[in-house]
Structures are given as structure tokens and as C-alpha cells.
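First up is the structure itself, then whatever we jot down about it.
Each reported figure results from applying straightforward, stated rules to the coordinates on display, with no laboratory input. Every value quoted in this text rests on a predicted model; they were computed, and no experiment measured them. So basically every Cβ, Gly included, is an ideal-geometry build from the backbone, and we count neighbours across all protein chains shown.
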Amino acid sequence: MKYLVSILVLFALAVALSTLLQNGAYVLLVYPPYRIELSLRLFVLLLLATFGLVYWLTQMFYLAVRLPELAHKMRLERAQHKARKLLDIALSSFFEGRYAEAEKAAARAIKMGETSALYPIVAARAAHELAAIERRDAYMSAVGDRTAGETTMRFMTAARFKLDQHDPQGALKDLQTLRESGMKLHSGALSMELKAQQEAGNWDGVLEVLAQLEKRKAIDAPLADRIRRHALAEKGRQG
């Protein structure tokens, strides 16, 4: 409907302008001691040209004022696009087992000012696979707690590192800290906790976590049965 109204308005203006241009009247401008006499046709054309010039100058001024903002926005968009490409490279390299390339790509994104926790997490995981513990820990220190997702990633990754280093108690401590932060442990975290409880020899803990995984149907039934029998046997020997 608005397009129809716009067309009608433009048509009406065109008719009015055509009528004026065909009119033989003139316009007299008086500014003592000066007198300027113009045909109505020329006056209308000059008026339209003046409005056009004012509009163009206004747009140019607005653009000049916004130019720094637009330039900053364009630089930011280019940087974000490049960072996303680096994340793609880092993730694909990591899952292909090319850990050095994965760490390099993620580290470049961090140097570019990317603040997403994904970049230091990927870099830390890659450095861990390369046994570069100091670099791994440096990346982990850059992971914040701005969101629940960042907190979860940080503690889950830290727990995985400790399990790989045969430190089940340290892994359990990280998972417990995550739970105390108010986060509900998902099935992946519970599976990690089950492994840590097994390595630590906490058989009551194994049975408790196993029950939670079974309730969520997040563990294969035959495997759960084997783990339960083993935990009960070990618990009986300890008793």
C-alpha cells in the first residue's frame, strides 16, 4: 500500500512540476536596491537544484562524521572473519591430529584480540597433546568465567588434563568445584567423574555416579553392569 501511495505522490508532483514549467509566469526577487526577475520555470529549476545541493552536502557531512566509526566497524568485521577462519583451521587441525598447527592458529587468533574462551581452550588442548605443559597452563589462565559456558569449559578441560596425568583426585576436585558453582553436570562430565572415581578407588562414588548415568540412559547397560560388579567386588575386598 505504501508503494502505491509513493507512486501517486510522485505522479502528482510530476504533474504539478510540468504545469509550473509550462506556465508563463515569472518571479520577482527584490532586495533593495537590487531586483531580479526570473521565469517561474527557471526559479523552480534553481530551487530544486538548491535543495539537491543542500541534501548532497548534508549527506557528505553525515558520512564524514561517521567515517571513523564505519572504518572501525569494517576493521572489526574483517578481524572477526579472519578469527573465525583461524578457529576453523584450529579445530580441523586438532581433530586431524595436527596439534602444532592447531595451537598456532588458535594462538594467532588470541593475539588478534579474540576474547572467546574457545581459542585458549583449543590452544591448551593442542599444547597438552604436545606435552607443552607450560604453554598449556598459560592458555588455561586466559580462560575466564564471564559465562556459564566458559566456566564449564575451563573446569572440564582442567579435569581432563589431570586425568591424563593420572591425577584423579585433582580431576574430582575440579568437577566438584564446577558442581559447587551451580552448574548441573551433564552426561559428559559424569562420564569423566566415573573414570576419576574408578582411578581413585572411590567405589561408593563409582556406584553413585553410575546410577546417575543409568538414570539418564547415558551408559551402555552391559558396561554399566560390569562396572557395578567390579565396584562391588572391590568394595567387598576393602571391607
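The alpha carbon centroids of the stretch 28-82 and the stretch 223-239 are separated by 83 Å.
How big is the charge dipole of the chain about its Cα centre, in debye rounded to the nearest 20, if each Lys and Arg gets +1 on its Cβ and each Asp and Glu gets -1 on its Cβ?
In debye, rounded to 20, the chain gives about 460.
When the GluC sites (Glu not before Pro) in the stretch 147-206 are filtered for DSSP coil states and for at most 14 other beta-carbon atoms within 10 Å of their beta-carbon, no site remains. Between Leu47, Leu63, Leu76, the GNM of the chain built on Cα springs shorter than 10 angstrom shows Leu47 fluctuating the most. Between the exposed loop cleavage positions of the chain, defined as trypsin sites (Lys or Arg not before Pro) in a non-H, G, I, E, B DSSP state with at most 13 neighbouring beta-carbon atoms within 10 angstrom, the longest gap is 1-145. Exposure proxy shown here: for Phe161, Phe51, the number of other Cβ atoms within 10 Å sets the order, fewest to most, as Phe51, Phe161.
Using the charge dipole of the chain (Lys, Arg: +1 at Cβ; Asp, Glu: -1 at Cβ; taken about the Cα centre), state which of Leu163, Pro222, Val30 has its Cα farthest towards the positive end. The one lying farthest along the dipole's positive direction is Val30. Mean residue ellipticity, 222 nm, helices only, the chain: the sum of -39500 (n - 2.57) across DSSP H runs of n ≥ 4, divided by residue count and rounded to 500, is -26500 deg cm²/dmol.
One chain, two ends: Ile36 and Arg84. Fully extended at 0.36 nm per residue, the span grows by 10.8 nm beyond their Cα-Cα distance. Of all the options Leu185, Leu45, Leu86, the one that moves most in a Gaussian network model of the chain with Cα springs shorter than 10 angstrom is Leu45.
Going by C-beta contacts inside 10 Å, put Trp203, Trp56 in order with the fewest on the left. If you can, show how the numbers build up before the last one.
Working: Trp203 21, Trp56 10.
Going from sparsest to densest Cβ surroundings: Trp56, Trp203.
Computed about the Cα centre, the dipole magnitude for the stretch 33-161 is approximately 280 debye when only Lys and Arg (+1) and Asp and Glu (-1) carry charge, each at its Cβ.
From the coordinates of this entry, Rg and Dmax of the Cα atoms in Å is computed, and it appears in (i) 19.2, 69; (ii) 16.9, 49; (iii) 35.8, 119 under the label (iii). Averaging the sequence gap over all C-alpha pairs within less than 8 Å and six or more residues apart, then dividing by the number of residues, gives the stretch 57-215 a relative contact order of 12 percent. Lys/Arg Cβ at +1, Asp/Glu Cβ at -1, dipole of the chain taken about the Cα centre: which of Phe51, Ala64, Trp203 is farthest positive-ward? Looking along the dipole axis, the top candidate is Phe51.
I need the helices of the chain that pass two filters: whole DSSP H segments spanning 15 Å or more by Cα along the axis, and mean Kyte-Doolittle score no lower than -0.5.
2-22, 40-95, 99-111, 118-129, 148-164, 187-200, 203-215
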